[in-house]
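Here's the structure we're looking at; comments come further down.
The values are calculated or read from the model by the stated rules, or taken from the named source; none is laboratory data. None of the values given here were measured: they were computed from a predicted structure. Positions of Cβ are backbone-derived with ideal geometry, glycine not excepted, and every protein chain shown enters the neighbour counts. Please note that ligands, DNA and RNA were not included when accessible areas were found on the heavy atoms of the full protein model with its side chains. Shrake-Rupley method; radii C 1.70, N 1.55, O 1.52, S 1.80 Å.
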Amino acid sequence: VSQSRYAQKEFNRTCLLTFIPEYTTPKIEDLRNSAENNPDGFGFAIHDGTRIIHDSGLNFNAILDKFLTLRQTHNGPALFHTRITTHGGTSNENCHPFQVGKDELTVVAHNGMLPIQAKNGKSDTRIFAEELFPSWGGASTLNSKKMRKKLAKFATGSKLVFLSANTDVQN
């Protein structure tokens, strides 16, 4: 494989992020296939009407079991993420979804690559969730069409999914 082909292959590596509408659950075999192709971390979030239930880690079966158990009683919008390491290390701390700053009612997950320099072992998405987006105003700024356009431009070629039970965030 030539160096340029290898670099292009590495550049195209992305996670798989699935948004799950309320009252639906993805096929287990689809989630397992995603995990086989993106084996570097797993996570989910479910909106239960008043809070966001979320978990993540490096053990796919444990995360899947917890998600499926919770999905039996919590049918709000959800997301499921399988990670392939592109920035930052492969660790529990870099598994999506991430709480947005100090807002315990808002999480974000991402696939693709953000224009953020990974540092101190943190992934680009983790830095975005913990530092950058909160500095832009956090979850309540999602109400602004201008901010949504800024996010779309910032994340060109990527996908961001936010789930929020924060009453400051409009549907």
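Taking region 43-55 only, how many residues are open to solvent by 10 Å² or more (accessible area, probe 1.4 Å) and either touching a residue at least 40 places away in the same chain (Cβ under 8 Å) or more than 21 Å from Glu104 (Cα to Cα) (or both)? It would help to see each step written out before you state the result.
Of the residues in region 43-55, the ones open to solvent by 10 Å² or more (accessible area, probe 1.4 Å) are 47-55.
After this cut, where a residue has to be either touching a residue at least 40 places away in the same chain (Cβ under 8 Å) or more than 21 Å from Glu104 (Cα to Cα) (or both) as well, the list is 47-52, 54.
Residues in region 43-55 being open to solvent by 10 Å² or more (accessible area, probe 1.4 Å) and either touching a residue at least 40 places away in the same chain (Cβ under 8 Å) or more than 21 Å from Glu104 (Cα to Cα) (or both): 7 in total.
Considering only region 152-171, state which residues are assigned to a helix (DSSP H, G or I) and buried (at least 16 other Cβ atoms within 10 Å of the Cβ).
First, the residues of region 152-171 that are assigned to a helix (DSSP H, G or I): 152-154.
Scanning region 152-171 gives a single hit, Phe154.
In the list Thr106, Thr82, Thr69, which residue meets the criterion of being of a type in the set (Val, Ile, Thr) and farther than 28 Å from Lys153 by Cβ? Working first, answer last.
Values: Thr106 fails: farther than 28 Å from Lys153 by Cβ; Thr82 fails: farther than 28 Å from Lys153 by Cβ.
The conditions single out Thr69.
Can you tell me which residue among Leu79, Leu58, Leu68 is under 16 Å from Gly43 (Cα atoms), open to solvent by 60 Å² or more (accessible area, probe 1.4 Å), of a type in the set (A, V, I, L, M, F, W, C) and at pLDDT 95 or above?
On the way: Leu79 fails: open to solvent by 60 Å² or more (accessible area, probe 1.4 Å); Leu68 fails: open to solvent by 60 Å² or more (accessible area, probe 1.4 Å).
Going through Leu79, Leu58, Leu68 in turn, just one is under 16 Å from Gly43 (Cα atoms), open to solvent by 60 Å² or more (accessible area, probe 1.4 Å), of a type in the set (A, V, I, L, M, F, W, C) and at pLDDT 95 or above: Leu58.
Under 28 Å from Glu36 (Cβ atoms) and in a loop (DSSP other than H, G, I, E, B): is that true of His81 in this structure? Walk me through how you get there before you give the answer.
On the way: under 28 Å from Glu36 (Cβ atoms): yes; in a loop (DSSP other than H, G, I, E, B): no.
So His81 does not fit the description; no.
When you check Leu132 against the structure, is it closer than 14 Å to Val161 by Cα and either in a helix (DSSP H, G or I) or under 16 Å from the mean Cα position of the chain (by Cα) (or both), yes or no? Before the answer, list the steps.
On the way: closer than 14 Å to Val161 by Cα: no; either in a helix (DSSP H, G or I) or under 16 Å from the mean Cα position of the chain (by Cα) (or both): yes.
The answer is no for Leu132.
Within the group Ile84, Ile63, Ile28, which residue is open to solvent by less than 30 Å² (accessible area, probe 1.4 Å) and at pLDDT 95 or above?
Working: Ile84 fails: at pLDDT 95 or above; Ile28 fails: open to solvent by less than 30 Å² (accessible area, probe 1.4 Å).
Result of the check over Ile84, Ile63, Ile28: Ile63.
Failed condition for Met113, given (1) over 26 Å from Glu22 (Cβ atoms); (2) in contact with a strand residue (DSSP E or B) (Cβ under 9 Å, 6 or more places away or on another chain), with all others met?
(2)
Just wondering, is there one or more residues in region 136-146 that are part of a loop (DSSP other than H, G, I, E, B), touching a Lys or Arg at 6+ places or on another chain (Cβ under 6 Å) and surrounded by fewer than 18 Cβ atoms within 10 Å (Cβ to Cβ)? Walk me through it before giving the result.
Within region 136-146, the subset part of a loop (DSSP other than H, G, I, E, B) is 136-138, 144.
Subset that is touching a Lys or Arg at 6+ places or on another chain (Cβ under 6 Å): none.
Within region 136-146, none of the residues are part of a loop (DSSP other than H, G, I, E, B), touching a Lys or Arg at 6+ places or on another chain (Cβ under 6 Å) and surrounded by fewer than 18 Cβ atoms within 10 Å (Cβ to Cβ).
Just name the residue that is farthest from Pro26 (Cα to Cα) out of those in region 100-124 that are part of a strand (DSSP E or B) and either open to solvent by less than 10 Å² (accessible area, probe 1.4 Å) or among the aromatic types (Phe, Trp, Tyr) (or both).
As a first pass, look at region 100-124 and keep what is part of a strand (DSSP E or B): 100, 103-111, 119, 122.
Applying the additional criterion that residues be either open to solvent by less than 10 Å² (accessible area, probe 1.4 Å) or among the aromatic types (Phe, Trp, Tyr) (or both) yields 100, 106-110.
Values: Val100: 25, Thr106: 22, Val107: 20, Val108: 19, Ala109: 17, His110: 18 Å.
Filtering first and then ranking leaves Val100.
Scan region 90-99 residue by residue and report those that are open to solvent by 30 Å² or more (accessible area, probe 1.4 Å) and assigned to a loop (DSSP other than H, G, I, E, B). Break it down into steps so the answer makes sense when it comes.
Here is the first cut: in region 90-99, the residues open to solvent by 30 Å² or more (accessible area, probe 1.4 Å) are 90, 92-93, 99.
Across region 90-99, the qualifying residue is only Thr90.
Determine which single condition Glu22 fails, assuming it passes every other condition in (1) surrounded by 15 or more Cβ atoms within 10 Å (Cβ to Cβ); (2) in contact with a Pro (Cβ under 7 Å, 6 or more places away or on another chain).
That leaves (1) as the condition not met.
Kindly check whether there is at least one residue in region 46-61 that is of a type in the set (Asp, Glu) and over 26 Å from Asp103 (Cβ atoms).
The first filter runs over region 46-61 and keeps only residues of a type in the set (Asp, Glu), leaving 48, 55.
Now narrow it down to the ones that are over 26 Å from Asp103 (Cβ atoms): none.
Checked against the condition, which is being of a type in the set (Asp, Glu) and over 26 Å from Asp103 (Cβ atoms), region 46-61 yields no hits at all.
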